[in-house]
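**Student:** The structure is given below, and queries will be raised subsequently.
The values are calculated or read from the model by the stated rules, or taken from the named source; none is laboratory data. This structure is a prediction, so every number in the text was calculated from the model and none was measured. No Cβ is skipped: glycine too gets one built from the backbone with ideal geometry, and neighbour counts run over all protein chains shown.
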Amino acid sequence: MYKVYLFFKRFFITMISYKTALILGIISGFAGLLQFTFMGDFLSDGNSFPALQKYGGNLLSYLIIGTAFTSFVGVSLSSFQGTIRSEQQMGTLEYLLISNTRLELILLYSGVMNFVQAFLNVAILLTVVVFIFDIPLGINLPGALIAMFLTITSLSGIGLMSAGIIIITKIGDPITWVFTTLTGLLSGVLFPVEYLPPWLQTVSAILPTTHALHALRLTLIQNAGMAEIMPQITLLAVMTLITVPLGFIIVRIGFNQARKVGSLAQY
Amino acid sequence: MINLNNIQFKYPKKEGFALDDVSFSISPGEIFTLLGPNGAGKTTLIRILSGLILPHQGKVTICDHDIQLKEYRVRRSVGLVIGDERTFYFRLSGAQNLEFFGGLYGIKRSVLKNRVIEVLEKVGLQDDAKLQYMRFSTGMKKRLSMARALLHDPDVLLLDEPNSGVDPHSAKSIREIIFSLKKQDKTILLTTHDMEEAEKMSDRIGFIKNGKLIKIGKVEEYKNLINKKRLEIIFNNTFSAYDKALVRDMMNQIKIVSHCDSIDFNDNKMRISYNGSFDMNRTLHILSQSGYDISKTNTIEASLEDVFIKLAG
């Protein structure tokens with residue numbers, strides 16, 4: 001029994017030492033619960049799903065694109081901080097940073113690899129699912145690619161900010177968490193935003209991910225033209241222009257701050 | 001080639017300076033060794049020189065370039081070896097790792113492959129080029145680390161404990177590489193806890209303690225800091241437990257009359273540490289008269305280790 005106690009003690013001390021992660025984990029649990037509550041409301045509407053008519057009315061295509069979108073959101077937000085963390089753990093970060101390649105480029109090259117991987121995963125998933133379940137898709141490929149590219153770039157800016165913060169704080173940052181949780185809950189990933197209470201619909205309308213996902217669904221399911229998704233594309237382009245430079249500035253500030261306190265290799 | 005002027009650095013939440021007003025310079029073709037106890041500031045200094053830590057005060061120039069103003073120019077001139085083994089990608093081979101890092105150093109693709117082969121030969125890893133890094137022994141990892149530091153042919157090498165944890169054979173091979181670099185007029189800053197290595201390799205030694213550089217000098221100058229010597233007396237006698245008790249009494253007597261610092265007795269050997277005022281003849285006379293059969297005596301000079309212990313203490 002004493003050994004069990006020792007394991008419990010080790011677990012407890014470790015758990016409470018990551019206070020931010022502990023609190024965010026608890027809130028995430030509630031957010032997940034809330035997500036399934038809204039989804040339950042949505043599914044109880046029966047087989048017609050009137051809220052999906054603007055996307056052709058097919059539930060499966062709606063959910064698949066929502067899920068694929070979530071994986072791109074995840075990669076965009078966490079790829080850069082993931083690169084820093086994994087290079088720190090491998091002990092290679094310092095050697096990358098003393099090389100003749102700028103930190104921004106190192107992050108960019110690593111990020112591109114993650115996006116390629118995510119893109120291939122999603123492409124395979126979509127192809128397999130579409131053929132197996134015979135899902136009716138009407139694809140405007142150029143429009144979908146532009147929407148996807150701008151979604152990735154605009155969220156990558158936030159991902160870069162998050163990387164800049166993690167270089168200094170060494171622990172999970174709230175930015176990624178907030179965006180991931182809000183996207184899952186409020187952007188219409190698993191159920192239409194119309195099922196949210198009005199005040200949450202207002203929050204949903206502020207989120208760029210809501211508009212990005214709407215544009216993706218229109219171009220992948222309804223073969224929507226560029227004119228139809230122009231408002232969303234413009235919003236994502238403006239967001240990219242703001243978040244990416246700001247992200248690079250915050251990464252540079254984080255890097256220099258870590259050099260000032262001598263904590264670059266610590267994690 | 002390397003110039004440090006009044007470097008100061010302090011880690012947050014730690015008392016005292018990690019480096020306090022450190023100044024020295026190293027010339028091309030010189031091996032300068034930093035010695036000091038753990039936490040003295042050696043690694044911090046190496047990280048400052050490699051640009052991984054920014055000093056809070058003072059100026060550092062490498063190859064006449066300020067490391068903060070001409071950061072990327074300086075990076076081209078510096079090769080770094082950190083003592084840690086985990087600084088490569090485990091699933092890549094030795095050659096693939098070097099190709100990756102060489103590319104980041106801006107070595108052109110057309111010359112990189114040959115350069116990788118060249119440095120692998122230099123460190124004696126040419127036959128293991130295709131072996132995954134995770135299958136490398138500690139000695140091979142250290143040599144690969146040395147190979148990476150040499151990839152872009154830097155003028156300055158910062159070697160933080162390049163031989164820690166390796167067997168004598170690998171250590172010798174790394175020492176030979178360092179000597180060959182010295183012959184090529186490279187500027188070498190080395191840190192080590194191996195006093196024998198420091199003694200064999202260093203042109204000059206800097207001793208750092210609590211962030212302060214307390215002395216710079218050649219090995220002999222350090223040894224002159226303490227005039228302590230050791231006399232080793234080997235007896236023909238075999239000692240019973242009763243004899244050993246007598247010897248201990250004898251040792252106390254010698255300590256009083258011969259002005260020595262300390263006496264150790266083990267098996268049939270007596271080691272006496274002493275300084276200038278020690279009366280060796282009288283000691284030997286006491287021992288012979290008491291019936292101890294002296295087989296041999298050796299006088300041992302103070303070692304760098306003795307100096308280290310004195311300075312660090």
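**Student:** Can you pull out the helices (runs of 4 or more DSSP H) entirely within region A:1-94 that have at least 2 residues that are touching a helix residue (DSSP H, G or I) at 6+ places or on another chain (Cβ under 8 Å) and closer than 30 Å to A:Tyr195 by Cα?
**Tutor:** Counting at least 2 such residues, we get A:19-43, A:59-90.
**Student:** I've got another one for you. Hey, B:Ser77 hits all of (1) within 11 Å of chain A (Cβ to nearest Cβ); (2) of a type outside the set (A, V, I, L, M); (3) surrounded by fewer than 18 Cβ atoms within 10 Å (Cβ to Cβ) but one; which does it fall short on?
**Tutor:** Every condition holds for B:Ser77 apart from (3).
**Student:** Would you confirm whether any residue within region B:216-235 is assigned by TED's automatic domain parsing to the domain that holds B:Gln8, farther than 16 Å from B:Ser303 by Cα and either touching a strand residue (DSSP E or B) at 6+ places or on another chain (Cβ under 6 Å) or surrounded by fewer than 16 Cβ atoms within 10 Å (Cβ to Cβ) (or both)?
**Tutor:** Yes, that holds for at least one residue.
**Student:** What do you reckon, is B:Lys223 modelled with pLDDT of 75 or more, within 30 Å of B:Lys14 (Cα to Cα) and among the basic types (Lys, Arg)?
**Tutor:** So B:Lys223 fails the test.
**Student:** Got at least one residue in region B:80-91 being away from chain A (no Cβ under 11 Å), surrounded by fewer than 16 Cβ atoms within 10 Å (Cβ to Cβ) and over 30 Å from B:Ile2 (Cα atoms)?
**Tutor:** Within region B:80-91, none of the residues are away from chain A (no Cβ under 11 Å), surrounded by fewer than 16 Cβ atoms within 10 Å (Cβ to Cβ) and over 30 Å from B:Ile2 (Cα atoms).
Conditions (1) within 21 Å of the chain's Cα centre (by Cα); (2) crowded, with 21+ Cβ neighbours inside 10 Å, marked per residue:
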residue	(1), (2)
A:Tyr62	yes, yes
A:Thr67	yes, no
A:Thr70	yes, no
A:Gly74	yes, no
A:Ser79	yes, yes
A:Gly82	yes, no
A:Gly91	no, no
A:Arg102	no, no
A:Ile106	yes, no
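**Student:** Right, another one. Take the conditions among the hydrophobic types (A, V, I, L, M, F, W, C), modelled with pLDDT under 90, assigned to a helix (DSSP H, G or I) and surrounded by fewer than 23 Cβ atoms within 10 Å (Cβ to Cβ) and apply them to A:Trp177. Does it pass?
**Tutor:** For A:Trp177, the condition - among the hydrophobic types (A, V, I, L, M, F, W, C), modelled with pLDDT under 90, assigned to a helix (DSSP H, G or I) and surrounded by fewer than 23 Cβ atoms within 10 Å (Cβ to Cβ) - is met.
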